[in-house]
Amino acid sequence: MNGSARDGLKEKKRVVIKIGSSSLTHPESGDLNLLKIERLVRVISDLKGEGREVVLVSSGAIATGRQALHHPKKPDSLAQRQAFAAVGQARLMMVYQKLFAEYNQVAAQILLTKDTMINDSSRYNAQNTFEELLALGAVPIVNENDTVSTSEIPFLDSFGDNDRLSAIVAALIDADLLILLSDIDGLYSDDPRTNHEAEFISLVPEITPELLSMGKAVTGSDVGTGGMAAKLAAARIATDSGSDMVIANGDQVEVIDRILRGEDTGTLFLAHENLNFDLMHYLNHEY
């Protein structure tokens, strides 16, 4: 079943790619890894050349602001996170704009808040914006508007992390595939960094309560926020909305090509469209 399911990835036309802060920065310093970002832009530009539509959900605003302001450690207050994001989002987008222009592509910035998605009119407008940008051939680059929406109480007025945000975007635009690039190869039966007996899970036909219990609500990164629990929550949103999802290691961004060639890499979660799917339900509940 895994082989036939993987072959289906070759035909995906509308793809959402999420890349986390830990995959965009140097582990030693937390500074932006410009070489890796350039390779990511090249890969996405090639996907566009193949006739695919691509939306990039990119973390990194807070880490970029931290770098620009020469702050030695991860922000420890809400105000500091918001200030770092205000500085970093503009810088991060500037990097993307310049690099995409080198490959004759146009990048567009979309900053979302949970309020945007909960409000029917705002959500409809956001959906229309995505559709028009994709029709025009642009690459929408999405992030949560941390400057105004970051909350000290998770999920109160924010998405919680960009794993969930990317799944919500995939559901909003009826994406065929969501790819989460992380600092881990995929889903394991336990944390492989602490349990060497943990087994790798290549294919998940259905998300069960037992599977959700495997998630760890922690992250080993100094710059990221989303652990495996967040990725499983994202998988539940994406697959219920009718999108396949793959978790893969973002250390080498060329893994995106391998996924879309149908190679057995990362963990593939198969879509099982839920006729009762209600995006508002997911936005208003924790998992």
For region 228-287: relative contact order, % (alpha-carbon pairs under 8 angstrom, 6 or more apart): 42
Stretchable slack from residue 38 to residue 68, in nm (0.36 nm times residue separation minus alpha-carbon distance): 8.9 nm
Within region 1-97, GluC sites (Glu not before Pro) in DSSP loop having at most 13 other beta-carbon neighbours inside 10 Å: 28, 50
Accessible area of the chain divided out per residue, in Å², using a probe of 1.4 angstrom: 44
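In whole percent, what relative contact order does the chain give with Cα contacts below 8 Å and a gap of six or more residues? Walk me through the intermediate numbers first.
Working: 550 pairs, mean separation 66.9, N = 287.
Here the relative contact order equals 23 percent.
May I ask what percent, to the nearest 5, of DSSP beta bridges between residues of the chain are antiparallel? Numbers along the way, then the final one.
Working: 6 of 33 bridges.
If we restrict to bridges inside the chain, about 20 percent are antiparallel.
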Axial C-alpha extent at least 20 Å, average Kyte-Doolittle at least -0.5 - helices from the chain (DSSP): 34-49, 78-102
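Just want to confirm a number: the relative contact order over region 1-142, from Cα pairs under 8 angstrom separated by 6+ residues, in percent. Display every interim value, and only then the final one.
Working: 171 pairs, mean separation 33.7, N = 142.
About 24 percent, as a whole number.
Counting Lys +1, Arg +1, Asp -1, Glu -1, what net charge surrounds residue 261 among other residues with beta carbon under 13 Å of its beta carbon?
Working: positive: 6, 10, 12, 52, 258; negative: 7, 11, 46, 50, 254, 257, 263, 264.
Neighbour charge sum, excluding residue 261 itself: -3.
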Carbon + sulfur, % of accessible area of the chain - ligands and nucleic acids excluded, 1.4 Å: 48
By average C-beta atoms within 10 angstrom, highest first, the peptides 122-132, 231-241: 231-241, 122-132
FRET efficiency estimate (nearest 0.05) - Cβ-Cβ, residue 196 to residue 104, R0 45 angstrom: 0.45
Long-range amide H partners of residue 203 with built H, under 5 Å: 268
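The values are calculated or read from the model by the stated rules, or taken from the named source; none is laboratory data. The shown structure was predicted, so the numbers you read here are calculated from the model rather than taken from an experiment. Neighbour counts run over all protein chains shown; Cβ positions are idealised from the backbone, glycine included. All accessible areas refer to the heavy atoms of the entire protein, side chains included, with ligands and DNA or RNA removed. Shrake-Rupley method; radii C 1.70, N 1.55, O 1.52, S 1.80 Å.
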